[in-house]
Amino acid sequence: METRLVTFSDESRICAIGQGTWNIGRNPSVRKEETTALLAGIEMGMTMVDTAEMYDNEEFIGRAIGGVRDRVFLVSKVHPSHADYRGTIRACEKSLRRLNTDYLDLYLLHWKSRHPFSETIGAMTELQRSGKIRMWGVSNIDVPDMEDIENIPGGYACDANQVLYNLQERGVEYDLIPWARQYEMPVIAYSPIGEGKLKDSPVLKKVAKKHGATPVQIALAWTIRQPGIIAIPKAGTVEHVRENFGALSLTLDADDLKMLDAAFPPPTHKIPLAGW
């Protein structure tokens, strides 16, 4: 099977399904199982591992991937309260120490902060220059602010936007995804299964039955149906990792998409990014 890949500006080609880690590593009784799951995903080729200083699990992630760091596309995020020039650099250096690595493949501003974008971008540029990050981007940032970022010195180097995107949350299709495609900027979709809610959808169950798949796999295949999108579902068990990986071999046909559109209508107007 040829794995679907998304290309970044430095020519890194990354599997269109990666691994989210929100709430992973917090419960000592399941850390071993979660570590095994994370490593299994990397072994399968799902090499993007996404964390953040806010997740309070960077030390766990660092230990889990320590032996395979060179195979991982490692993503972390600066908390907006730290996103001035000096704060961003300090936060990155602390993340690097916790993750026990010399560099991040991608460093994101977690959401819009009270600090000017120009300060955050200045720090990101300096972190790149010093080799502490390979690329930088943003998360939860809507089109008007993305346009502002592009016009700030150094802002053109923004390499990704991580946003909420799934069948229930399609607002970004109206303008953000087309905007990102225009700039050849990968979009990273978090909560692609709607925090698990979509697996109970009767329509997803129906489409899944047709394909001999699971509703989770249909939801993921739908999320990555367009080029340039990476989904980062969370999985705490090897079984769940395998299920996520199986979505890469699914292709939804026109009838499937029509049925899903009827149940989860695409946006017909601008819907601002929620919650941040």
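Give the percent of DSSP beta bridges with both residues in segment 5-263 that are antiparallel, rounded to the nearest 5.
Details: 4 of 29 bridges.
In segment 5-263, DSSP labels about 15 percent of beta bridges as antiparallel.
Enumerate the aspartates and glutamates that Lys197 could reach by cross-link, defined here as Cα to Cα under 15 Å, with residues fewer than 8 away along the same chain left out.
Partners within reach: Glu169.
Suppose a student asked you for the relative contact order of the chain, using Cα pairs under 8 Å spaced at least 6 residues apart; what percent would you report?
The value is 21 percent.
Check cross-link reach from Lys112 to the aspartates and glutamates: straight Cα distance under 14 Å, and skip same-chain residues fewer than eight apart.
Counting by Cα, and skipping residues close in sequence, Lys112 has these aspartates and glutamates nearby: Asp84, Asp142, Asp145, Glu147, Asp148.
Starting from the Cα-Cα distance between Ser29 and Glu43, subtract it from 0.36 nm times their residue separation and give me the gain in nm to one decimal. Provide the component values of the computation, followed by the final result.
On the way: separation 14, 0.36 × 14 = 5.04 nm, distance 2.34 nm.
Separation in residues times 0.36 nm, less the Cα-Cα distance, equals 2.7 nm.
Can you give the charge dipole size of the chain about its Cα centre, rounded to the nearest 20 debye, using +1 on the beta carbon of Lys and Arg and -1 on the beta carbon of Asp and Glu?
680
Can you compute the equivalent ellipsoid semi-axes for segment 144-213, i.e. the square root of 5 times each eigenvalue of the Cα gyration tensor, sorted largest first and rounded to whole Å?
32, 11, 10
In whole Å, what is the distance between the alpha-carbon centres of segment 89-117 and segment 1-80?
15
How big is the Rg/Rh ratio for segment 199-276, C-alpha atoms only, Rh by Kirkwood, two decimals?
Dividing the radius of gyration by the Kirkwood radius yields 0.99.
Of all the accessible heavy-atom surface of segment 92-246, with the other protein chains kept in place and a 1.4 Å probe, what percent is carbon and sulfur?
Looking at segment 92-246 in its full context, I get 49 percent from C and S.
If I take all pairs of Cα atoms in segment 87-166, what percentage of them are more than 19 Å from each other?
Here the tail beyond 19 Å accounts for 32 percent of pairs.
P(r) for the chain: what percent of alpha-carbon pairs falls in each 10 Å bin, starting at zero?
With 10 Å bins starting at 0, P(r) equals 7, 31, 36, 21, 5, 0.
Select from Ile65, Gly131, Ser76 the residue farthest towards the positive end of the dipole of the chain; place +1 on Cβ of Lys and Arg, -1 on Cβ of Asp and Glu, and compute about the Cα centre.
Ile65
Going toward the positive end of the dipole of the chain, with +1 on Lys and Arg Cβ and -1 on Asp and Glu Cβ, which of Asn27, Asn244, Met146 do you reach last?
Toward the positive end, the furthest listed residue is Asn27.
Could you please report the charge total around Glu119, scoring K, R as +1 and D, E as -1 over all other residues with beta-carbon less than 12 angstrom from its beta-carbon? Let's see the in-between values first.
Numbers: positive: Arg86, Arg114; negative: Asp84, Glu126.
Taking every Cβ under 12 Å from that of Glu119, the sum is 0.
Considering all projection directions equally, how large on average is the shadow of the alpha-carbon convex hull of segment 1-108, in square nanometres?
In nm², the orientation-averaged hull projection of segment 1-108 is 7.2.
For every helix of n ≥ 4 consecutive DSSP H residues, a contribution of -39,500 (n - 2.57) applies; sum these over the chain, divide by its total residues, and give [θ] at 222 nm rounded to the nearest 500 deg cm²/dmol.
-11000 deg cm²/dmol
What does the charge count around Ser9 come to, taking other residues whose C-beta lies under 15 Å from its C-beta (Lys +1, Arg +1, Asp -1, Glu -1)?
-3
The values are calculated or read from the model by the stated rules, or taken from the named source; none is laboratory data. Treat the numbers as computed from the prediction; the structure is a model and nothing was measured. Neighbour counts are summed over all protein chains in view; Cβ atoms, including those assigned to glycine, are modelled from backbone coordinates with ideal geometry. With ligands, DNA and RNA removed, areas are computed over all heavy atoms of the protein, side chains included. Shrake-Rupley method; radii C 1.70, N 1.55, O 1.52, S 1.80 Å.
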